[in-house]
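Trainee: One structure, as structure tokens, below. Some questions next.
The values are calculated or read from the model by the stated rules, or taken from the named source; none is laboratory data. Not measured: the values here are computed from a predicted model. Virtual Cβ from ideal backbone geometry, glycine too; neighbours counted across all protein chains shown.
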Amino acid sequence: MTWTPVDCHAHTTMSDGALDVGALVERAQAHGVRPSVSDHISRDVAGSVKDVAGVRAYLDALDEYPVLRAGEFCWHDALWREIPPDLVSRFNHRIGSIHGFYLDDGTLVHAFGRHLPTDLTPDAYMDAHLDQVERFAAEMPVDILAHPTLIPIPLRSLSEELWTPAREERLVAALAGAGIAFEVSARYRPHERIVQRAVAAGVRISLGSDGHSADQVANIEMPLAMTRSLGVRDEDLYDPISHGSRTQGVPAE
Ligand SMILES: [Zn+2]
Ligand SMILES: [Zn+2]
């Protein structure tokens, strides 16, 4: 069998995506990729799966389709801590996202918020972000860190300056230590140097469209071109079927 890329990260109408699962499968076939459904499982995303009963119904629905069963969990929302083992074992892979986190004073800093707390400088934000990445890697049972370079909207134009080599190193070391894959996202494109650093550290790389619409879902051309240009072998890209899931005792190769 020839190698076929996996889109490890895509959304449907079961959270905030525009396509139903059948339409997502068709888009994946059109792009020649193997589809995953990784809808939001979080109380902090509108329209998402919001409780354990909902997770069960979600997995039951996915069983009807030729898709990898995944989910995108928010680090800052506790729902991921409540998923019972019988449901955990039904996922092919799980994705963790730092869509936000709580500062020591209890303030939620959200990646999609329009403003940062006024007394929080960009550098202080980044240092807090890296503290959270290290906690995430130590605590969260996921296979992939989604869109690893995502930072709040007011800071995005400064992204390449704020992701200093030292901060990149902390993120990569945290993922390497935990065995969590680094996602190259088609939606929140990482700068090349951090991907290079992840590859050099032996962190597994995962491709994700993070698609919500028909033109986005399963379109992983850019991420695949980037990983190939950095010398990552296709067969080393994260594939939950070949490489297992660290979250359920399936041995990795
Ligand atoms: Zn996300
Ligand atoms: Zn997503």
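Trainee: Given the options His93, His129, His115, His110, name the one that is of a type outside the set (S, T, N, Q) and within 13 Å of ligand 1 (Cβ to nearest atom). If you could, list the steps in order and put the result at the bottom.
Mentor: Values: His93 fails: within 13 Å of ligand 1 (Cβ to nearest atom); His129 fails: within 13 Å of ligand 1 (Cβ to nearest atom); His115 fails: within 13 Å of ligand 1 (Cβ to nearest atom).
Just one listed residue meets the conditions, His110.
Trainee: Still on this structure, I have one more. Over 30 Å from Thr164 (Cβ atoms), in contact with a helix residue (DSSP H, G or I) (Cβ under 6 Å, 6 or more places away or on another chain), surrounded by 15 or more Cβ atoms within 10 Å (Cβ to Cβ) and modelled with pLDDT of 95 or more: which single residue out of Ala218, Ala198 fits that description? Spell out the reasoning first.
Mentor: Numbers: Ala198 fails: over 30 Å from Thr164 (Cβ atoms).
The unique qualifying residue is Ala218.
Trainee: Report, by residue number, each residue of the stretch 148-178 that is within 16 Å of ligand 2 (Cβ to nearest atom) and in contact with a Pro (Cβ under 8 Å, 6 or more places away or on another chain).
Mentor: Listed by number, the residues that qualify are Pro148, Thr149.
Trainee: Quick one: which strands (runs of 3 or more DSSP E) lie wholly within the stretch 34-137 and hold at least 1 residues that are surrounded by 20 or more Cβ atoms within 10 Å (Cβ to Cβ) and among the small types (Gly, Ala, Ser)? Let's see the steps before the verdict.
Mentor: On the way: elements: 34-41, 68-74, 93-97, 100-102, 108-110.
So the answer is 34-41, 68-74, 93-97.
Trainee: Between a residue in the stretch 137-163 that is within 15 Å of Arg193 (Cα to Cα) and within 14 Å of ligand 1 (Cβ to nearest atom) and any residue that is of a type in the set (Lys, Arg) and assigned to a loop (DSSP other than H, G, I, E, B), which pairs come within a Cβ distance under 8 Å, given they are 6 or more apart or on different chains?
Mentor: Within 8 Å, the pairs are His147/Arg187.
Trainee: Would you point out which residue out of Ala200, Ala225 is away from ligand 2 (no atom under 16 Å from the Cβ) and over 27 Å from Arg27 (Cβ atoms)?
Mentor: Ala200
Trainee: Restrict the check to the stretch 237-246 and report whether at least one residue is under 30 Å from Glu26 (Cβ atoms) and surrounded by fewer than 14 Cβ atoms within 10 Å (Cβ to Cβ).
Mentor: Step one: list which residues in the stretch 237-246 are under 30 Å from Glu26 (Cβ atoms), which gives 237-245.
Then keep just the ones that are surrounded by fewer than 14 Cβ atoms within 10 Å (Cβ to Cβ); that gives 241-242.
Yes, some residue in the stretch 237-246 is under 30 Å from Glu26 (Cβ atoms) and surrounded by fewer than 14 Cβ atoms within 10 Å (Cβ to Cβ).
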